Amino acid sequence: MSGTRKSNADGKPRRRGNPALRRLACYAFAIAFVFAGWEITALILDTPALPTPAATVPVFISYASEMLPDFLTSLYRVLVSLLIGVALALPIGLALGRCPEADALFAPVLYILYPLPKIVILPILLVLLGLGGAPKIALIALTIFFQVIVVMRDAAKAIPQNTIESVRSLGCTRIDMLRHVTIPATLPDLFTTLRVSSGIAIAVLFFAEAIAGSTGLGYFIMESWAMISYTRMFAGIIALAILGVLIYEAFDLVERRVTRHRR
Amino acid sequence: MKLEFSQATVQYPPLKASDELLCALDRLSFGVSDGEAVTIIGPSGCGKSSALRLASGLLAPSSGTVLVDGKQVNRPRQSTALVLQDFGLLPWKSVYVNAELGLAIHRVERTERKRRTMSALEKVGLADFANYYPAELSGGMQQRLALARAIALDVDLLLLDEPLSALDALLREELQNLLLELWLERRHAQVLVTHSIEEAVFLGQRIIVMAPRPGRVVYEMSNPDMGSLEYRSSELYFKRCLELRKALASAGGEAQ
């Protein structure tokens, strides 16, 4: 992507206004929207199991500092497992997509393993890796791994033959092809799968933390539930939502930097 | 001889086991001298594109040989360039980086690379658009960019696979003129594959007519008077177009 950096220098028209401010305004709207829906539902149901946002937010604020270690633990687990899952799956996915022989051999293996719920091997991971972060990271990474392989393989397959031939006719090596064509062509798909995967990663993380161990937001939420402290539980759910938003925004930021041509 | 096909045959495996082999090219034999401009014309499926893929080293013949500078082509060669019908540009790279791509792949030194890229972009009239992306250019500009990438390489063999067929009539003429000027100035050997009779006569010193199933050469026409922009409006040009049209008709062609 060496050359894309220096683009945008010659006064091409761009949208007016501060994009960061515009985004903040969007989030203000989103929060108001979600809270309004929540408030209405809570008023209709009128049950202690669903406290109103008005009741939850003060609890969230009072627990904020107590939740912070759990929040950071969960954030760390999601990020590390995404990193491991993608780092392993990306080269395999691209290789399968660009090599029909390998794909014919391994696609059935993928199809057998991909739909299996990876959570079923959590007991094995717990035995092997203990009750700490490692089994949770392994579980999420494994779930992400298959997602990313399937998406990146299809993305690599979808590169137009003409693009490949025109670059190949310049006498390029495999590394050149990877650098100039395969990676940039599949980058948008990588970000799509990262976004889908991070949602799944958080869901799996919640399960893993709720089932085993005593750290992380998942544990915090389940513990509150066991204590029948619903406001504390929903404070944990708010923290989980913030975790998701942070990860999404981080991916958006990186994506906008590396795929400038898609403005 | 810059490029020489002798008895070059290309067969593709059949789609169904019961079918016969698909013969895209049947014992193709012709040569292109240094600095010569040849056009190949013929209906779809006559193996024109396969011939260019052979010459560029993207495809190996099933039998027969393809020589460039007397040596067998078995991989893409540094001073051959291939320009494809839908341009083969990389949408994720700027105009400048697209034009520079061949030089970067050939590991040309940085300042030299910059000089040649800018001079190629100037030649095709895209110097002011260096920081744009291909999607921000018109079709004609995109085709100019594909040409810039080829001429930045300083090639001695330029292969063009229906490079102008996606453009409207006016743009086509403009780019045909550009192609002619580039060839007159640089005098590389050039093989242009086209569907258009006018284009074939305007840009080819020699015109090769091919027929399909199996792809083969059925007619050759010499056209030594090409080589100027005025040729397009001359009596002789129209005569040659007519002659070529007749040859295509008798070859069972369906060209425009």
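Quick notes
- Computed on the range A:63-262, with alpha-carbon pairs under 8 angstrom and 6+ residues apart, the relative contact order is 29 percent.
- GNM flexibility winner over chain A from A:137, A:238, A:202 (Cα, springs under 10 Å): A:238
- The shape of the range B:45-119 comes out oblate: with a ≥ b ≥ c from the C-alpha gyration tensor, a/c is at least 1.5 while a/b does not beat b/c.
- What the Cβ-Cβ distance of residue B:127 and residue A:76 gives, at R0 = 51 Å and to the nearest 0.05, is a FRET efficiency of 0.55.
- Sites residue A:175 and residue B:60, calculated FRET efficiency, Cβ-Cβ separation with R0 30 Å, nearest 0.05: 0.85
- For the protein assembly as shown, the antiparallel share of DSSP beta bridges with both residues in that region comes to about 55%.
- Structure-based [θ]222 nm, chain B - -39500 (n - 2.57) summed over DSSP H runs of at least 4, per residue, nearest 500: -11000 deg cm²/dmol
- Percent accessible area from carbon and sulfur atoms, the protein assembly as shown, protein chains only, probe 1.4 Å: 62
- The convex hull around the C-alpha trace of the protein assembly as shown, projected and averaged over every direction, spans 32.0 square nanometres.
- Globularity ratio of the range A:95-230, using Cα Rg and 2.2 N^0.38 Å: 1.39
- Within a Gaussian network of chain B (alpha carbon springs, distance under 10 Å), most fluctuating of B:158, B:244, B:229: B:229
- Model label points for residue B:228 and residue A:35, set 7 angstrom from Cα along the Cα-to-Cβ axis, are 8.1 nm apart.
- Per residue, the protein assembly as shown exposes an accessible area of 48 Å² to a 1.4 Å probe, with every protein chain left in place.
- For the range B:131-256, the antiparallel share of DSSP beta bridges with both residues in that region comes to about 55%.
- Kyte-Doolittle mean at least -0.5, axial Cα span of 20 Å or more - DSSP H helices of chain A: A:19-45, A:53-98, A:133-157, A:183-211, A:230-258
- Largest-first principal axis extents of the Cα set of chain A (Å): 68, 55, 31
- Projected-area mean, chain B, by convex hull of Cα positions, square nanometres: 14.2
- Span-rule helices in chain B, defined as complete DSSP H runs reaching 24 Å or more along the axis (Cα) with Kyte mean at least 0.5: none
- Across A:136/B:93; A:118/A:157; B:123/B:246, pairs whose alpha-carbon gap is larger than 31 Å: A:136/B:93; B:123/B:246
- Extending 7 Å from the Cα toward the beta-carbon at both residue B:249 and residue B:115 defines two label points whose distance is 5.4 nm.
- Cα lying deepest toward the dipole's positive end in the range A:63-262, options A:142, A:229, A:128, charges on Cβ: A:142
The values are calculated or read from the model by the stated rules, or taken from the named source; none is laboratory data. Here the structure is a predicted model, which means the values were calculated and not measured. So basically every Cβ, Gly included, is an ideal-geometry build from the backbone, and we count neighbours across all protein chains shown. Heads up: the accessible areas ignore ligands, DNA and RNA and are worked out on the full protein's heavy atoms, side chains in. Shrake-Rupley method; radii C 1.70, N 1.55, O 1.52, S 1.80 Å.
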